Amino acid sequence: MTDSNKLNTKKIDTDNTADSQIDRAAVNSQQVSIKSWSQKLLVVILCVASFYGGWKSYESNMVNECTANGGQMVEAQKTMMCQLS
């Protein structure tokens, strides 16, 4: 009789453990979804910053190349042009 009582107790403990693991999994899944949205936002911000930095770097290189060849940058409406003197 004592053996069957021990088995029943173990099953109950296992059930409680399984329930607590399910509860933890539910909480973890919520945290993961929030974390994934923040990571996605961070990736978008980093991509935009990288694109803007690359664009400004290219612009700066073109200005440097123009002045190295003896020209001056002339700003038009939407573009910059190198005018050689």
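Listed values, structure above:
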quantity	calculated
Cβ-Cβ under 8 Å pairs, at least 6 apart or on other chains, region 72-85 side farther than 14 Å from MET62 by Cβ, far side of a type in the set (A, V, I, L, M, F, W, C) and part of a strand (DSSP E or B)	none
Count of region 74-85 residues which are under 37 Å from the mean Cα position of the chain (by Cα) and surrounded by 11 or more Cβ atoms within 10 Å (Cβ to Cβ)	2
Pair list, Cβ under 6 Å, 6 or more apart: region 44-69 residue farther than 18 Å from GLN83 by Cβ and without any contact (Cβ under 8 Å) to a residue 60 or more places away in the chain, other residue surrounded by 10 or more Cβ atoms within 10 Å (Cβ to Cβ) and not polar (S, T, N, Q)	none
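Taken together, the values in this text are just the output of simple stated rules run on the coordinates, not laboratory data. Please read these numbers as outputs of a predicted model, since none were measured by experiment. Don't worry about glycine lacking a Cβ; one is built from the backbone with ideal geometry, like all the others, and counts go over all protein chains shown.
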